[in-house]
1. Kindly check whether there is at least one residue in the range 161-169 that is crowded, with 17+ Cβ neighbours inside 10 Å and more than 24 Å from SER71 (Cα to Cα).
2. Scan GLN205, GLN270 and give me the residue that is surrounded by fewer than 20 Cβ atoms within 10 Å (Cβ to Cβ), in a strand (DSSP E or B), in contact with a strand residue (DSSP E or B) (Cβ under 7 Å, 6 or more places away or on another chain) and of a type outside the set (A, V, I, L, M).
3. Collect the residues in the range 17-58 that are within 19 Å of ASN284 (Cα to Cα), under 18 Å from the mean Cα position of the chain (by Cα), hydrophobic (A, V, I, L, M, F, W, C) and assigned to a strand (DSSP E or B), keeping them in residue-number order.
4. Scanning for something among the charged types (D, E, K, R), within 30 Å of SER210 (Cβ to Cβ) and modelled with pLDDT under 95, does the range 135-144 turn up at least one residue?
5. With the requirement that a residue be in contact with a Gly (Cβ under 6 Å, 6 or more places away or on another chain) and either modelled with pLDDT under 95 or among the charged types (D, E, K, R) (or both), what does the range 204-232 give you?
6. Out of (1) surrounded by fewer than 20 Cβ atoms within 10 Å (Cβ to Cβ); (2) of a type outside the set (D, E, K, R); (3) at pLDDT below 95; (4) not in a strand (DSSP E or B), what's the single condition that is false for ASN190?
7. How many residues does the range 79-93 hold that are under 27 Å from ILE277 (Cβ atoms) and surrounded by fewer than 14 Cβ atoms within 10 Å (Cβ to Cβ)?
8. So, of the residues in the range 31-52 that are touching a Phe, Trp or Tyr at 6+ places or on another chain (Cβ under 8 Å) and polar (S, T, N, Q), which turns out to be nearest to ALA66 (Cα to Cα)?
Amino acid sequence: MKKITLILFLTLINLYALNISHNQIKNANTVLLQLNEENISNAKLTFDKQNINFQKNPFKKNSFYALIPVSYYQDFKDYRVIVSYLKNGKKVFKGVNLKVVDGKYKSEVINVKPSKFKPNQKDKKLVERTKKEYVDAMKIYNSSSKEIYWTKDFIYPLNSKITSNFGTKRVYNGKLKSYHSGTDFKASDNTPIIASNDGIVKISQNRFYSGNSIVIDHGQGVYSCYFHLNTMNFKVGDKIKRGDVLGLSGSTGRVTGPHLHFSFRINGLQVDPLQAIEVLNSLN
């Protein structure tokens, strides 16, 4: 009897060592895994085609975390997340189930000037510009610093009405072209926009689609983005503190009017920024 009790106890300890924030998740949302173990190394996981390293949790002792960004285009089905790490010279494997379900995002129709919708293919300079802006941005989003720059909860860039939710299918000038990659906040011209958390500026530039844009690296693969600004107060390389005024809202880029487009990238993938904030704030 004592032996059975001990086995059950050890099994429970083994289960509680690995915690997952969601066993069922919408596409384009983020999952948090926390591994609570002493004296381990080389902790990592695999989810579908993603290989993700665990990071030390700066807010909890003997705890490691990993963020799984689920693609907007992820297949809706059951997955097995496999976690492995070294302990006492031996490799340990654990697994958890994760079901990806349809976020059932709505659709909206947007009418913009043709010149703002898509570059004229005859304008080679503009075509090259948009390609370069995309490639340069993806190099940044796909990079991950070893450091973590934030120590407090993430906050919203402003307190106002949300005018367009993340994930909405965008029909531009009668053609389905994309989904809304961020959350739009109502903001008249020249409304102060604040940083969601500490970090380092990686992009401060006028871009064809997003207009005046600031992107902040918060460390370990987490980026927040602030688009369509009228003015930008920081340049690439500047260190940012949570609540710093990054600039003033506007209507630069491909837009129908002034507002703030706020988005998140985690490990290179676009995710719902408000859900990501909720998950990140559960770390501490």
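The values are calculated or read from the model by the stated rules, or taken from the named source; none is laboratory data. As the structure is a prediction and not an experimental result, all values here were calculated from the model. Using ideal geometry, Cβ is built from the backbone for each residue, glycine included, and neighbour counts are taken over all protein chains shown.
1. Filtering the range 161-169 down to residues crowded, with 17+ Cβ neighbours inside 10 Å leaves 164, 166-168.
Cutting the leftovers down to more than 24 Å from SER71 (Cα to Cα) gives us none.
So far as the range 161-169 goes, no, none of its residues is crowded, with 17+ Cβ neighbours inside 10 Å and more than 24 Å from SER71 (Cα to Cα).
2. GLN205
3. Residues satisfying the conditions are ILE20, VAL31, LEU32, LEU33.
4. Step one: filter the range 135-144 for residues among the charged types (D, E, K, R), giving 136, 139.
Imposing the further condition that a residue be within 30 Å of SER210 (Cβ to Cβ) reduces the set to 136, 139.
Narrowing the set further to residues that are modelled with pLDDT under 95 leaves none.
No, the range 135-144 contains no residue that is among the charged types (D, E, K, R), within 30 Å of SER210 (Cβ to Cβ) and modelled with pLDDT under 95.
5. Matches in the range 204-232: TYR209, ASP217.
6. (3)
7. First, pick out the residues of the range 79-93 that are under 27 Å from ILE277 (Cβ atoms): 79, 81, 83.
If we keep only those that are surrounded by fewer than 14 Cβ atoms within 10 Å (Cβ to Cβ) too, we end up with none.
Counting residues in the range 79-93 that are under 27 Å from ILE277 (Cβ atoms) and surrounded by fewer than 14 Cβ atoms within 10 Å (Cβ to Cβ) gives 0.
8. GLN34
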